[in-house]
1. Applying the selection to segment 90-104, what residues are away from the ligand (no atom under 13 Å from the Cβ) and either without any contact (Cβ under 8 Å) to a residue 12 or more places away in the chain or in contact with a strand residue (DSSP E or B) (Cβ under 6 Å, 6 or more places away or on another chain) (or both)?
2. Go through segment 2-15 and report how many residues are over 24 Å from the mean Cα position of the chain (by Cα) and surrounded by 12 or more Cβ atoms within 10 Å (Cβ to Cβ).
3. Given the criteria over 29 Å from residue 114 (Cα atoms), free of Cβ contacts under 8 Å to residues at least 40 places away in the same chain and touching a helix residue (DSSP H, G or I) at 6+ places or on another chain (Cβ under 7 Å), does residue 66 qualify?
4. Please go through segment 146-194 and give me each residue that is without any contact (Cβ under 8 Å) to a residue 24 or more places away in the chain and within 16 Å of the ligand (Cβ to nearest atom), ordered by number.
Ligand code: OAD
């Protein structure tokens, strides 16, 4: 894949990198996105029925079963060449932070180290009342769906993901915000840049003078403002970018 000359030189002189990823980053591994016209989860299902504390309060089994389906899907997928290219790129820079909106651990599975999960992790469970972690052994040993929580008499086990109306993990967001305000280059990969506050990160980087590179086959609200908007998939573009750094 041919890359704009300016992009390569911006990368070669950069020291601090922020990478924001979204569902499109996992699409080529077989994890459906949320808003893709044909295959997006939110095209078939209503987020307010499945990804809110209210939905879980009113229909705990429906919500739990839906996340169990998604967990099964995540257990069956593997990272692609784009994930491994990001692992390679991480070695090249003094400061590299990968802030992901994805809950599937594919970056960590590929070997990425400096990762913050802005929307949590679907493979983990927490208590609906206290937020305390619940071991998978407890989940597996329970016949109830969702299982009761060992941490609170009224608590239920719920997936450790951020639902609409809930705040993001403060440490993860603070690290991402700090990096957005201080990076030389910010990548926005496979995200529709529609869900706040994560969607504001590339714009904060723009305002702080960073070079912003978007990778997305389709245009987003960021495309016109980004210095480089590569209309390509993550698995196509990222290996080409990693190759530039090898030269
Ligand atoms: P979306 O489904 O909104 O957007 C996915 C983006 O990835 C779209 O802009 C696609 O064009 C692009 N895309 C699709 N395939 C791609 C590929 N192979 N390579 C690169 N890009 C590709 O997903 P997000 O932006 O991640 O939050 O959604 C943000 C949040 O909304 C999610 O974290 C989730 C969802 O509701 C919560 O549930 C809190």
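Values in this text are rule-based calculations from the coordinates and carry no lab data. Because the structure is predicted, anything quoted here is derived from the model rather than measured. Every residue, glycine as well, gets a Cβ built from its backbone with ideal geometry; the counts of neighbours run over all protein chains shown.
1. 90, 91, 93, 95, 96, 97, 98
2. Looking only at that region, the number is 5.
3. yes
4. 167, 170
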